[in-house]
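In what follows, a single structure is set out as structure tokens and then discussed.
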Amino acid sequence: MSLPNIITIIRILMVPVIILLINSGQMSYAFVLFILAGLSDGIDGFIAKHFDQATTLGAYLDPVADKILLVSIYVALGQLGHLPAWLVILVVSRDLLIIGAFLLAWIMGFNIKVAPLMVSKANTTAQIILAGLILADLGYDLNLSVITNITLYTVAVLTILSGTAYLIEWMRDMARFEDGRNG
């Protein structure tokens, strides 16, 4: 197994520890591990790209690791009242919509190329920033409520735009595949 994939698996294994820290109110430690998880994401990508260690497994595993980390943190912060329930529902629903759409296409025998859209990259970046801001604020009492609120609504808008863009792409792909089968 390649080094980047091992790093990605370690990032996945960090998630339960981060969630345990959040649930036990140890936000400063959760923030530090969250930062380490983010750094590991950059490191595994750098190694894969610059040392010719990119793998098919890594191409799927890396975004899954990111989603597991972010969704878990959003749910934990939401359960504790540090994120509004509507935002947690929005973020989780978008991810479930995307996963469900791709699974449905796969079950139907359609091979849809999985490629992140620019709005999705912006959305993920905003979600990471929001999670980091909240954990840092809770862990170190930084009084970041103004910037956190702005980021929260930015995440909401980007989540809606990203989900909509993926749904439109999926519908186009499905129509193209259906036309190909019926033609």
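Structural remarks
- Restricting Ala59, Ala54 to those that are under 23 Å from Leu117 (Cβ atoms), outside any helix (DSSP H, G or I) and out of contact with any Lys or Arg (no Cβ under 8 Å at 6 or more places or on another chain) reduces the list to Ala54.
- Residues considered: Ile150, Ile128, Ile134, Ile160. Of these, the only one that is among the hydrophobic types (A, V, I, L, M, F, W, C), out of contact with any helix residue (DSSP H, G or I) (no Cβ under 8 Å at 6 or more places or on another chain), modelled with pLDDT of 95 or more and in a helix (DSSP H, G or I) is Ile150.
- Residue match in region 139-147 (condition: touching a Ser or Thr at 6+ places or on another chain (Cβ under 8 Å) and either within 30 Å of Glu178 (Cβ to Cβ) or in a helix (DSSP H, G or I) (or both)): yes
- Residue satisfying all of: in region 163-183; touching a helix residue (DSSP H, G or I) at 6+ places or on another chain (Cβ under 8 Å) and hydrophobic (A, V, I, L, M, F, W, C); modelled with the lowest pLDDT among these: Phe177
- Qualifying residue in region 40-49 (condition: surrounded by fewer than 14 Cβ atoms within 10 Å (Cβ to Cβ) and over 15 Å from the mean Cα position of the chain (by Cα)): yes
- Residue in region 69-87 that is in a helix (DSSP H, G or I) and either within 14 Å of Tyr166 (Cα to Cα) or acidic (Asp, Glu) (or both) present: no
- Residue that is farthest from the chain's Cα centre (by Cα) [pool: residues in region 138-164 that are under 17 Å from Gly81 (Cα atoms) and among the polar types (S, T, N, Q)]: Asn143
- Within region 56-81, if we keep just the residues that are modelled with pLDDT under 95 and β-branched (Val, Ile, Thr), the residue that is surrounded by the most Cβ atoms within 10 Å (Cβ to Cβ) turns out to be Val64.
- Count of residues meeting criterion [within 25 Å of Ile9 (Cα to Cα) and not in a helix (DSSP H, G or I)] in region 93-115: 3
- Condition check for Leu90: under 16 Å from the mean Cα position of the chain (by Cα), among the aliphatic types (A, V, I, L, M), surrounded by fewer than 16 Cβ atoms within 10 Å (Cβ to Cβ) and in a helix (DSSP H, G or I): no
The values are calculated or read from the model by the stated rules, or taken from the named source; none is laboratory data. Source: prediction; values computed, not measured. A quick note on method: Cβ atoms are made from the backbone with ideal geometry, for glycine too, and the neighbour counts reach across all protein chains shown.
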